[in-house]
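The numbers here are math on the coordinates, done by the rules we state, and not lab data. None of the values given here were measured: they were computed from a predicted structure. Heads up, the Cβs are rebuilt from the backbone with ideal geometry, glycines too, and the neighbour counts pull from every protein chain shown.
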Amino acid sequence: MADVKPFFCIRPDQRVAARVAALPYDVYNRNEALQEVVREPLSFLKIDRAETQFDEQVDTYNPIVYQKARELLIEMLQEKILIEDSQECYYIYELTMEQRSQTGIVACCSIDDYINNTIKKHENTREDKEIDRIHHVDVCNAQTGPIFLTYRSLQSVDEIVAESQKEEALYDFTSKDGISHRVWRITDHGKVETLQSSFSTVSNIYIADGHHRAASAVKVGLKRRAENPKHTGKEEYNYFLSVLFPHDQLLIMSYNRAVKDLNGLSKSEFIDKIKESFLVECLGQSPFAPMEKACFGMYLEDEWYCLKAKDVIRSVKDPVAALDVSILQNYLLKPILGIEDPRTDKRIDFIGGIRGLSELERRGKEDMKVAFSMYPTSITELFDVSDAGNLMPPKSTWFEPKLRSGIFIHPLS
């Protein structure tokens, strides 16, 4: 059963919360991160991406970068920009995008639940990205970005959330991208006990977003266990910072694809090969986003197409093979365009659905030859793949809105 506990939180002072809150570190490249930190000097991004404090000659992964992150964290605590709560609490975190809200419980989850697969994964991680966050967490002695988790909704949790939201919010602000953020703190002993007890009945929790942050937090915890001869299992490094959302509130957006070339094929040869597995309809200048599974939009040479997988493909029952991202990979990207491993192939790029179809058109005109709009993976598909002990292809899910970093920080000691 899941071990989901309250924690001593480091968080922004109310007067500066909106300025401190930052998008996740990995949505920016180095130059974009620098521009954001220049725009907002209090942004927590300066800690998550401390290379912004150095010129470009200093490598992103230089040890002095992680040390600088630690210094900045301590400095923000000393200046009371960040404060530490004096008791263990749960928090409620509500995000609203375009009038749709999702509300999660901010807490700490056990690294043992990750290891024993009570917390299930659906993506592989890359070692280089893990190493970066391992160093960041270990040197800062804190987890600075929450892992986005989901669980099958519980009425007992929903009731506490609804009751707590009637109280005055701890934070209430709208970020510059138009997302509304509201936070409540749960200090009532009875509510804390009910939440902890409710989550203890949950058989499985699922990582929605943040696989690298989760894997890194676990490895730091295991490292500290090995280094601590007095280890008891109760230390804070045995837990990682999370926001847990009920499954019925989540929105998964499409994760679109674009490829640089046609693998040596002419346009007509390419389309003829597609027709072996798909029904192809030219839509001219009308942008197309699929409204059903096993259906894809394709933008090629200023024209849109609808590609519908043939019935023999649609009848596949395997939870991974039946994913739209798998169908496109197995029947088009790999056999026709030669994309053997989308995780490493430099000819393919992935474009979050939040950017819209106009971004596919822009890329198709500027630096890509062909682009594909996808039907979003469902939360049920995510559960099915994870429950079967399988992994999804890379870039299968795009969750919106994104959790902010810097609102909740979990100190490891």
Counting only DSSP beta bridges fully inside the chain, the antiparallel percentage to nearest 5 is 90 percent
Phi angles of the stretch 84-99, converted by Karplus (6.51 cos²θ - 1.76 cosθ + 1.60, θ = phi - 60°) into ³J(HN,Hα) in whole Hz with x for Gly and Pro, give 10, 5, 8, 9, 6, 9, 9, 10, 9, 10, 10, 10, 10, 10, 6, 6
In degrees, nearest 10, the alpha-carbon axis of helix 127-140 is tilted away from the dominant principal axis of the alpha carbons of the chain by 20 degrees
Hull volume per residue for the stretch 111-231, using the convex hull of the C-alpha atoms, in Å³ is 170 Å³
Counting Lys and Arg as +1 and Asp and Glu as -1 over every other residue whose Cβ sits under 13 Å from the Cβ of Q165, the net charge comes to -3
tail above 14 Å in the computed P(r) of the stretch 245-300, as % of all Cα-Cα pairs, reads 67 percent
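Can you tell me what the convex hull of the Cα atoms of the chain projects to on average, as an area in nm²? Please list the in-between numbers first.
Numbers: hull surface 84.6 nm².
Approximately 21.1 nm², given one-decimal rounding.
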If one compares the long axis through the Cα atoms of helix 189-199 with the longest principal axis of the Cα atoms of the chain, the angle in degrees, nearest 10, works out at 30 degrees
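Counting each DSSP H run of 4 or more residues in the chain as -39500 (n - 2.57), what helix-only mean residue ellipticity at 222 nm follows after dividing by all residues, to the nearest 500 deg cm²/dmol? Before the final figure, lay out the partial values.
Working: 14 runs with 127 residues, N = 413.
Calculated mean residue ellipticity at 222 nm is -8500 deg cm²/dmol.
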Expressed in angstrom and ordered largest first, the alpha-carbon extents of the stretch 255-375 along the principal axes are 38, 31, 30
Across all Cα atoms of the stretch 1-127, Rg and the largest Cα-Cα distance (Dmax), in Å, are 17.1, 48
Projected onto the charge dipole of the chain (unit charges on the beta-carbon of Lys, Arg, Asp and Glu, signs +1, +1, -1, -1), the Cα from T232, I274, L73 with the largest positive-side position is that of I274
